[in-house]
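K.L.:
Please see the structure below; I have some questions.
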Amino acid sequence: MQVDKAEALRYLGYKRGQTPDSATESVFNACIPALERAAGFLNIDRRFPVIREGDGIFIAGLNLQSRALSRHLEGCEEAYLFAATLGAGVDRLMQVYERTDLPAAVVLQACAAALLESCCDEAQDSIAAALAPGLGLRPRFSPGYGDLSLTIQPGILRVLDAQKRIGLFCTAHDMLTPTKSITAVIGVRPGCADKKRGCETCGMKDCTYRKE
Amino acid sequence: MRFLDVLSREPLFYDGAMGTMLQAAGLLPGESPDVWSVTHPDAVRDIHLQYLDAGCNIVTTNTFGCTASKLAGTGFTPGEVAAAAVARAREAIAVCGGAQKKFAAFDVGPTGKLLKPLGDLAFEDAVRLFTESIRAGAQAGADLIHIETMSDTYELKAAVLAAKESCALPVCATVTLDQNGRLLTGGDIHAVVALLEGLRVDALGLNCGLGPKEMIKFLPALREITSLPVILNPNAGLPREENGKTVFDVGPAEFAELMAEAARGGARLLGGCCGTTPAHIKALVAACRDIPPLPVEKKERTVVSSYGRAVYFEGHTVLVGERINPTGRSRLKQALREGDVDYVLREGLAEEEAGAEILGVNAGLPGIDESAVLTRMVAELQGVTKLPLQIDTADPNAFVSALRVYNGKPVINSVNGREDVMRAVFPLAAKYGGVVIALTIDEAGIPETARGRLAIAKKILARAAEYGIEKKNILVDALTLTVSAGDRNPAVTLEALSLIKKELGVKTTLGVSNISFGLPRRELMTASFLTLALYAGLDSAIINPLSQPVMDAFFTAHTLLGRDAQCAAYLARYAGQAAPDTPAASPAPGPGNLTLEQAIRQGLKRQAAALAADAKDSPLGIIEGNIVPALNAVGAAFEAGTFFLPQLLMSADAAKAAFEVLRGRMTASEGAPLGCVVLATVEGDVHDIGKNIVKALLENFRFQVVDLGRDVPPSAVVEAALRHKPRLVGLSALMTTTVASMEKTIAALHRDAPGCKIMVGGAVLTADYAQRIGADFYGRDAMASVRYAQEVYGG
């Protein structure tokens, strides 16, 4: 479980080829070990048939109304519901930094986001490796992408029993807590696994963080 | 036969899983199991009966999700569901022909929400949710309360408090550990046991998460630390997905064999959780029924805890940090008056880093609302530090408030020999749990002899016992009076300490620093007295961990007292250090050849402060001529994309350090801010780093920021706007779901506090959307908000 520094830099607005100055470098060198100690990555997933009714998509009885998701899952007869978290320890570390060292907090935030993504990539790779030959996985598609509403997050957590199994909860406003967490739909379809670059599937062309 | 009487004599057997049995009976996915007690009474009663016929003693009611939060949308209230569930259990008990003793336990599962500050459920709201259902369950005739599947000590405390406040029934509590022996939110069994025993539950243990083999691994440790009977309710193994269903692989025979091992290992209450069936319970009972129960031994250890850690007062002297106490600390006084919680947190974290094991917290300052401030400090500190807290006040109301919100078992500072004080404090210690510091002073004052102080200590211990507070939960403080007011003062204290330890066998503490009050070079006197006190057997020392001489005395004395095998701790701390007065030892960080501007641009905090201190110009001249241009340059570089956020913030920190130095030299009017800005992260949003960045920059650019924090309701923003009359309010929201709160807040401001501009920010927003919801400005990055504030205030 290691932090991909290049990814963290991207979250901080560094474009490809730009490197941090020595002061920022020192902050990274302090943050990364602290983060790796505090993080406890847990994930859970379950596989369900994808049921299409007209324009709607139903997975595990959840009505995932989203045209973007529908397009993304074209050709998929099944999909995984996936949830993961870096755990409460990271939130606590964030709190400490936010109160005492704001530059470090910002760097920690970026590193945690990068760490979460790479841990999820690893977990997704394990799922892919266990698939029957000839099947592959689509990139993760999370609530909040396109027109897939955040309001389905409580349902996903319930289906996965995420509270009990990995300590992942939702607030009254459908936000995940601990905060460094994700839920996602991962489509299964014939063919090789797709390269996991979510930006290609996203409609926000003018996003500052869009991967080139 | 009463539950507690049986528990003291025999092992007892819990039932198995309810959820899977209901599914087998037709419960649909997404349907509330708890509601079935009302809508499918026969099915629920039948499941209880199956477990009773299998031989179990305790049926847990079908109320795992019986809170208002989990029942929302079902059309049923917790009261209705609780009453029905208990009725079903009682009916099954009445019908069952088995000869075993039978009890209906009202089952309490988690609320489904994470408690603040990690999540959005307030502690008191959690207590309310639990109280509603537990009260109904108790009234409906439950024999005991069974709290289970807790993965957070804070929620666990809320549930136990609710049970204790709603009824007088016995309380059992089990938590869920992962394979490393930790709760999902970070606690360990030491923290759990300390908390639960402090709250006076009747039995405790583990359930769910693990199979019998994995769970039994934790039994020896549990048995070693707890004085209570141990409950084990494992799953039927670890879960596995098969054809879209969750299956458990441990069958009844294997389950029973493993649980027999647990019984022989001293587990007193045994049952099953997910994946277990009446067949599992039947096999379990048959295998374990005749195993003679091991005695439950009382432990005499003195322990306190936080959410994640327990500190035992044994084998060494516990170091308690004294710095969060306004007496004699003017900077802290200022912070408390201004509500500057961040300053308090930084002090606490500095003490932790310097080696404190417990943090003292005191807000005793005239002119502030001590109860509110103390409670807030406790709540905030426990969110950032793992260390247990020592809660210090003379006001019983402040105690109630602070003890209630504390996530763990604290040190309670203090009680003394006065009747009225003991009568006020002991009931609180009994209810909320804690180790109580007992001061040897009473209505007659402070005894001048060691024997006199011993007598008061005896009196206090005797009174404490009347409240069920045992000696192990008391720390006697024989009172440290300054040597400057009496030559014999130190000797009396030390004699009293030794006497009290020898004759009463109780642990001791001292506010060591008091010895040097009124003297020059206080640290030296304090350090020496600390050494003497450690030799006399002091168990807990309240000192300043940032004081070099005191800490040197602390560590060297430990080694000299034989508590540091092969001087390992001493060497770890001091090896490779030159003596303090050799020139090479401590190179002061000099400013070198830097200008103040350069120090700010490079984010060099200490150099910036040093340069500001040395600068010859007037403070305003330095600010206008050096600091502001540097910040503007940094800001412009950030906007141009050549400087990045961490650098911007490090420059801000450096500028702030320079300001702090100059502040002392400025008059009130010179130091006056350019204007006031109220900031808040809107209701429902728990992400506030963006708002904190804007705050740091605004303060740098000479604005006064009123920070309302996160998850702020519209009414609070309006109230702040009316009180502070800012020309500018800034709102942040991160997610699409909380942008609605932003819209509501803007509407409320327009209606009730018009006349201020509103700027908004947050990843999800766009300039377009900001305009639609009525904002005046959309800050796309950190500097944009500063530019707008400057514009609004005509800068």
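K.L.:
Give B:33, B:110 a once-over and let me know the one that is within 30 Å of residue B:268 (Cβ to Cβ), without any contact (Cβ under 8 Å) to a residue 40 or more places away in the chain, in a loop (DSSP other than H, G, I, E, B) and within 14 Å of chain A (Cβ to nearest Cβ).
P.N.:
B:33
K.L.:
Since residue B:384 meets every condition but one in (1) modelled with pLDDT of 95 or more; (2) within 14 Å of chain A (Cβ to nearest Cβ), which condition does it not meet?
P.N.:
In the conditions (1) modelled with pLDDT of 95 or more; (2) within 14 Å of chain A (Cβ to nearest Cβ), residue B:384 misses (1) alone.
K.L.:
Here is a further query. Among the residues of segment B:671-700, count how many are under 22 Å from residue B:121 (Cα atoms) and either within 11 Å of chain A (Cβ to nearest Cβ) or assigned to a loop (DSSP other than H, G, I, E, B) (or both).
P.N.:
Qualifying residue count, segment B:671-700: 9.
K.L.:
Which residue out of A:60, A:79, A:88, A:8 is out of contact with any Asp or Glu (no Cβ under 9 Å at 6 or more places or on another chain) and more than 25 Å from residue A:147 (Cβ to Cβ)?
P.N.:
Step by step, each of A:60, A:79, A:88, A:8 is checked, and only A:8 is out of contact with any Asp or Glu (no Cβ under 9 Å at 6 or more places or on another chain) and more than 25 Å from residue A:147 (Cβ to Cβ).
K.L.:
Hey, another quick one. Can you tell me how many residues in segment B:359-394 are part of a loop (DSSP other than H, G, I, E, B) and of a type in the set (Val, Ile, Thr)?
P.N.:
Residues flagged as part of a loop (DSSP other than H, G, I, E, B) and of a type in the set (Val, Ile, Thr) within segment B:359-394 amount to 3.
K.L.:
Taking into account only those residues within segment B:602-617 that are within 40 Å of the chain's Cα centre (by Cα) and surrounded by fewer than 18 Cβ atoms within 10 Å (Cβ to Cβ), which is farthest from the other protein chains (Cβ to nearest Cβ)?
P.N.:
Looking at residues that are within 40 Å of the chain's Cα centre (by Cα) and surrounded by fewer than 18 Cβ atoms within 10 Å (Cβ to Cβ), I get B:613.
K.L.:
Please state which one of B:468, B:445 is in contact (Cβ under 8 Å) with a residue 24 or more places away in the chain and on the phi > 0 side of the Ramachandran plot.
P.N.:
Of B:468, B:445, the one residue that is in contact (Cβ under 8 Å) with a residue 24 or more places away in the chain and on the phi > 0 side of the Ramachandran plot is B:468.
K.L.:
Can you work out which of the residues in segment B:657-667 that are of a type outside the set (Phe, Trp, Tyr) and crowded, with 18+ Cβ neighbours inside 10 Å is farthest from the chain's Cα centre (by Cα)?
P.N.:
Here the residue is B:662.
K.L.:
In addition: Going through segment A:39-56 one residue at a time, which ones are part of a strand (DSSP E or B) and either within 12 Å of another protein chain (Cβ to nearest Cβ) or in contact (Cβ under 8 Å) with a residue 60 or more places away in the chain (or both)?
P.N.:
Filtering segment A:39-56 down to residues part of a strand (DSSP E or B) leaves A:42-53, A:56.
If the condition is that a residue be part of a strand (DSSP E or B) and either within 12 Å of another protein chain (Cβ to nearest Cβ) or in contact (Cβ under 8 Å) with a residue 60 or more places away in the chain (or both), then A:42, A:43, A:44, A:45, A:46, A:47, A:48, A:49, A:50 are the ones that fit.
K.L.:
May I ask you to list the residues in segment B:338-358 that are away from chain A (no Cβ under 14 Å) and buried (at least 17 other Cβ atoms within 10 Å of the Cβ)?
P.N.:
B:356, B:357, B:358
K.L.:
Output the number of residues of segment B:1-29 satisfying the condition of being touching a helix residue (DSSP H, G or I) at 6+ places or on another chain (Cβ under 7 Å) and either loosely packed, with under 15 Cβ neighbours inside 10 Å or assigned to a helix (DSSP H, G or I) (or both). Write out each step before concluding.
P.N.:
Narrowing segment B:1-29 to residues touching a helix residue (DSSP H, G or I) at 6+ places or on another chain (Cβ under 7 Å): B:11-13, B:15-16, B:18, B:21-22, B:25, B:27.
In the following step, the residues that additionally are either loosely packed, with under 15 Cβ neighbours inside 10 Å or assigned to a helix (DSSP H, G or I) (or both) were identified as B:21-22, B:25.
Residues in segment B:1-29 being touching a helix residue (DSSP H, G or I) at 6+ places or on another chain (Cβ under 7 Å) and either loosely packed, with under 15 Cβ neighbours inside 10 Å or assigned to a helix (DSSP H, G or I) (or both): 3 in total.
K.L.:
Then there's this: Taking segment B:191-232 on its own, how many of its residues are within 30 Å of residue B:389 (Cα to Cα), of a type outside the set (A, V, I, L, M) and away from every other protein chain (no Cβ under 14 Å)?
P.N.:
12
K.L.:
In addition: Which one of these is under 29 Å from residue B:294 (Cα atoms) and surrounded by fewer than 24 Cβ atoms within 10 Å (Cβ to Cβ): B:174, B:153, B:226?
P.N.:
Just a single option satisfies the conditions, and that option is B:226.
K.L.:
Residues being among the hydrophobic types (A, V, I, L, M, F, W, C) and at the interface with chain B (Cβ under 8 Å from one of its Cβ atoms): count how many of those fall in segment A:80-102.
P.N.:
Adding up the residues that qualify gives 4.
K.L.:
Would you say residue B:211 is modelled with pLDDT of 95 or more, in contact with a Gly (Cβ under 8 Å, 6 or more places away or on another chain) and closer than 30 Å to residue A:44 by Cα?
P.N.:
Yes: the conditions hold for residue B:211.
K.L.:
Within segment A:57-79, which residues are within 14 Å of chain B (Cβ to nearest Cβ), buried (at least 20 other Cβ atoms within 10 Å of the Cβ) and among the aliphatic types (A, V, I, L, M)?
P.N.:
If the condition is that a residue be within 14 Å of chain B (Cβ to nearest Cβ), buried (at least 20 other Cβ atoms within 10 Å of the Cβ) and among the aliphatic types (A, V, I, L, M), then A:59, A:60, A:79 are the ones that fit.
A quick yes/no check of all residues on (1) over 22 Å from residue A:41 (Cβ atoms); (2) in contact (Cβ under 8 Å) with a residue 24 or more places away in the chain; (3) more than 8 Å from chain B (Cβ to nearest Cβ); (4) surrounded by fewer than 24 Cβ atoms within 10 Å (Cβ to Cβ):
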| residue | (1), (2), (3), (4) |
| --- | --- |
| A:141 | no, yes, yes, no |
| A:153 | no, yes, yes, no |
| A:160 | no, yes, yes, yes |
| A:179 | no, yes, no, yes |
| A:183 | no, yes, yes, no |
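K.L.:
Something else: Only residues that are of a type in the set (D, E, K, R) and modelled with pLDDT under 95: list them for segment B:249-296, please.
P.N.:
Restricting attention to segment B:249-296, the residues satisfying the condition of being of a type in the set (D, E, K, R) are B:249, B:254, B:257, B:261, B:264, B:268, B:282, B:289-290.
Across segment B:249-296, the qualifying residues are B:249, B:289, B:290.
The values are calculated or read from the model by the stated rules, or taken from the named source; none is laboratory data. The model shown is predicted, which means the values in this text are computed figures rather than measured ones. A quick note on method: Cβ atoms are made from the backbone with ideal geometry, for glycine too, and the neighbour counts reach across all protein chains shown.
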